[in-house]
Amino acid sequence: MKIAVLVSGNGSNLQSIIDHVTQGKIPGEICLVLSNVVGAYGLERAQQAGIATEILASKDSGLSREEYDIELDKVLAKYEPDLIVLAGFMRILSYAFVKQYEGKMINIHPSLLPKYKGLHTHQRALENKDTEHGVSVHFVTAELDGGPVILQAKVPIFAEDDETILAERVQQQEHVIYPLVVKWFVEKRLTMSDGAAFLDNALL
Ligand code: GRF
């Protein structure tokens, strides 16, 4: 099964997935790493692993969201991915693009969804004096950060935490749960139907 990973930045989640593939823990192939940001470190990680890369710069492209996504789809189509993994891809995708890949595209979001959709999730959890926080992997649907949740990991929040420490604690869990979900999908154990996620035909 062919996996395309979309990144905008550091790519630590990408790295975790690369490592799992290299170690044979995910029985698939990363066919492409694509970034909308020139110089994203995730691209370098891909190159170091011998994976094909593409850049489709979104900044100053002059394209509307819909036009950009048409170009994105053209690039992706060349690689015929079975799964699209959004790993810190900091763009909202158009309705048509999301519909086209529904059930084949997953995202990782640093909160316990449905809590804290959108940005600054760690800061918001701290400001609200939450005692726990976490990360969610979900199928991508037209509603931002609103698709069916596949897997979550919780972490505690301690009184002395700041955003950096909390983000690190959450990221450690990201690097565990994202490869696991990718593995399930590649093993054809994970599906989406009627807006719900199923693992081994059981509703999640
Ligand atoms: C992660 O925190 C992820 O939850 C969010 O973007 C960040 C990407 O980090 N969607 P990295 O680029 O994988 O290091």
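The values are calculated or read from the model by the stated rules, or taken from the named source; none is laboratory data. Predicted, not measured: the structure shown is a model, and the values here were computed from it. Methodologically, a virtual Cβ is constructed for each residue, glycine included, from the backbone with ideal geometry; neighbour enumeration extends over all protein chains shown.
For this structure, a couple of remarks:
- Test: residue in the range 89-108 that is touching a Pro at 6+ places or on another chain (Cβ under 9 Å), within 30 Å of Lys59 (Cα to Cα) and within 16 Å of the ligand (Cβ to nearest atom): no
- Ile55 being of a type in the set (A, V, I, L, M) and within 15 Å of the ligand (Cβ to nearest atom): no
- Filter result for the condition that a residue is over 23 Å from Lys183 (Cα atoms) and within 16 Å of the ligand (Cβ to nearest atom), over Leu63, Leu126, Leu151: Leu126
- Neighbours by Cβ (under 7 Å, 6+ apart or cross-chain): first from the range 1-18, under 17 Å from Val186 (Cβ atoms); second of a type in the set (Ser, Thr, Tyr) and more than 8 Å from the ligand (Cβ to nearest atom): Lys2/Tyr79; Ala4/Tyr79; Asn13/Tyr178; Ser16/Tyr178; Ile17/Tyr178
- Residue under evaluation Gln172, criteria (1) modelled with pLDDT of 95 or more; (2) within 14 Å of the ligand (Cβ to nearest atom); (3) in a loop (DSSP other than H, G, I, E, B), criterion not met: (3)
- Any hit, the range 123-144, residues being in contact with a Leu (Cβ under 8 Å, 6 or more places away or on another chain), outside any helix (DSSP H, G or I) and free of Cβ contacts under 8 Å to residues at least 24 places away in the same chain: no
- Test: residue in the range 21-30 that is touching a residue at least 40 places away in the same chain (Cβ under 8 Å), under 29 Å from Gln172 (Cα atoms) and of a type in the set (Lys, Arg): yes
- The residue that is surrounded by the most Cβ atoms within 10 Å (Cβ to Cβ), counting only those in the range 32-56 that are under 16 Å from the mean Cα position of the chain (by Cα) and either under 17 Å from Ile84 (Cα atoms) or among the acidic types (Asp, Glu) (or both), is Val33.
- Number of residues in the range 1-31 that are in a strand (DSSP E or B) and away from the ligand (no atom under 16 Å from the Cβ) equals 3.
- Residues of the range 69-98 satisfying the condition of being closer than 26 Å to His175 by Cα and part of a loop (DSSP other than H, G, I, E, B): Glu80, Pro81, Asp82, Ala87, Gly88, Phe89, Met90, Arg91, Ile92, Leu93
- Residue among Thr131, Thr141, Thr121 that is more than 22 Å from Gly11 (Cβ to Cβ) and either surrounded by 13 or more Cβ atoms within 10 Å (Cβ to Cβ) or of a type in the set (Phe, Trp, Tyr) (or both): Thr141
- Some residue of the range 110-126 being on the phi > 0 side of the Ramachandran plot and over 14 Å from the mean Cα position of the chain (by Cα): yes
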